[in-house]
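The values are calculated or read from the model by the stated rules, or taken from the named source; none is laboratory data. Model, not experiment: these values are computed from the prediction. Here the Cβ positions follow ideal geometry from the backbone for every residue, glycine too, while neighbour counts run over all protein chains shown. The protein model used for the area step is the full one, side chains on, heavy atoms only, and it has no ligands, DNA or RNA in it. Shrake-Rupley method; radii C 1.70, N 1.55, O 1.52, S 1.80 Å.
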Amino acid sequence: MGHQGGPAPHDVGGEVVEAGGDRADDEGGHGGLVAEVAHDLRRLRVVHGGADEPGPPGRLTLTGPLGEFAQRVGGGDDQVALGWSALTSTVIWTILGPVVGAVDGHYLQFLGVGVLATGAVALTQLLFTKLVGPLAVLFGMLLWVVFGMPSSGLSLSIHTMPGFFQFLHGVLPLPAAGEALRSLLYFDGRGLGSHLLTLAVWAVAALALCLLKERRSGHAIPAAPAVSGPGEPLPALAGGPVRAPRSRYVAAVLFPLSILVAVVGLMGGSMHEPEVREMPVAVVGATQDQARQAVAGLEPSLGAMFDLRPVSSLKEATGQLTGQEVACPSPP
């Protein structure tokens, strides 16, 4: 591969990796090139067929399977993010649709909302990374999980939540994505536009701020490890064994995908079409015999949904309820 000036390429596991001439750690000493592909995809450009494709200085170049994939999608961070968004949206739809049966059709609509929502979150998280480095994980957990889940309206009605979360329901990406899907699946798209606008605003604003940050201080990321390229071995955790680039790339894909499949699969399978099974209920009668007769008459029609327990007084039923022996009493 033709190479003039700058450091020589490293041959690691059949993939040729080189660092561009203008290194981020030369711009003020605030960190070097980031080895982890998941940390800063904006650093990647492709070398294909033995000749460098045009690309911005100071970014890494790759060949091999990863390079071929990046070449097909355009070699840029936005194309890789688009591909990842489409993949995860398809996985979620496959689980909720053909596997669980909670979604009937609507694949293209689901894909569009998923790509826009994932892009909005990914670009915002990239902005956090450029601003605070590894601490971006904490900001992401706070915004997307601690604030995003309660305000989403996907598990509990937003009308049952405190006013603060009702406000967040109108501005955060996760609630907007959930409401957009609700509009498409159940209301023929009514009210869809405002939710898509929320997602678009997040994506465009985050992208604009990322570009502004790069113009002002380059690609350097605070507290990033100083390395000369992705061929330099780094431990997965402090004090842990070093990992080859190929292993890091595989882990960067499989780890979040496994979490996605587990969470969506378990939650979708358990919460879709909930069914009452053996709920303990106290059946109150004027006498014990009357309560038994009522239970005998009700059990054939109720099947295994309820575990009916005869009691002879409302006081006894209330005692079982407060003692958490039954879910509710049935008055005489």
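For segment 186-210, list residues with backbone N below 20 Å from a point placed 7 Å from the Cα of ALA102 toward its Cβ? Residues 186-189 fall inside that zone.
Surface composition of segment 105-178: carbon and sulfur make up 82 percent of the accessible area, probe 1.4 Å.
Calculated accessible area for segment 256-330 comes out at 64 Å² per residue, all protein chains present (probe 1.4 Å; ligands, DNA, RNA ignored). Once you reduce segment 174-217 and segment 271-286 to the center of their Cα atoms, the two points are 42 Å from each other. Summarising the label geometry, the points placed 7 Å from Cα in the beta-carbon direction at THR160 and VAL250 lie 4.4 nm from one another.
Average accessible surface for segment 102-153: 47 Å² per residue, computed with a 1.4 Å probe over protein heavy atoms with every protein chain in place.
Take the Cβ-Cβ distance between VAL276 and LEU211 as r, set R0 to 41 Å, and report the resulting FRET efficiency rounded to the nearest 0.05. E between VAL276 and LEU211, to the nearest 0.05, is 0.15.
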